[in-house]
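Data first, discussion second: the structure below is written as structure tokens.
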Amino acid sequence: MSALDKPHSAPDDPNAGSGTGSGQGRGRSRARQQPPAWFGTLGQLDFDIDFFEKLLARAPESIEVLRVLAELVSKKGLVTRAVDLDRRIVRLLPDDFLARYNLACSLARAGCPDEAIDALSRAILLGYDDLDHMETDPDLESLRTHPDFLALLGE
């Protein structure tokens, strides 16, 4: 695997390899060194995911970090990871209707319609009431013709 395949192996020290800092005088020149091979190869979404994964490693029960990371991985199309993160959020906040709704969206995208409808039902029981949004949410597209989904919408 090349260095480009492992952006998470980048040094945490922003001065590492730059020729500045305590490493100077050990054979490094004062001239600015080339950035590592991984530098500039990550898209913003990949960078953000990597950043929030590192934050999550330090604070594994941070609701804020879990929510942001779940949203980012969902945008990236990493549906299995999104389901895992949304399940963690629901375990931490079992009575949060938004957590249940987001889990339903991830499950629908992952091809788990029955579990998605169960999560939607629970979200509604807990207070989720934006049925207009449910009807048009692209994450729930796979459920549009499911009889239980239509029943939730009152159709």
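The values are calculated or read from the model by the stated rules, or taken from the named source; none is laboratory data. As the structure is a computational prediction, the values presented were derived from the model and not from experiment. Reconstructed Cβ throughout: ideal geometry from the backbone, glycine too, with neighbour counts over all protein chains shown.
Could you tell me which of the residues Leu120, Leu98, Leu4, Leu107 is assigned to a helix (DSSP H, G or I), over 12 Å from the mean Cα position of the chain (by Cα), at pLDDT below 55 and of a type in the set (A, V, I, L, M)? Please lay out each step first, then the result.
Details: Leu120 fails: at pLDDT below 55; Leu98 fails: at pLDDT below 55; Leu107 fails: at pLDDT below 55.
Result of the check over Leu120, Leu98, Leu4, Leu107: Leu4.
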>> If a residue must be exposed (fewer than 15 other Cβ atoms within 10 Å of the Cβ), in a loop (DSSP other than H, G, I, E, B) and of a type in the set (Gly, Ala, Ser), how many such residues does region 50-79 contain?
In response: 2
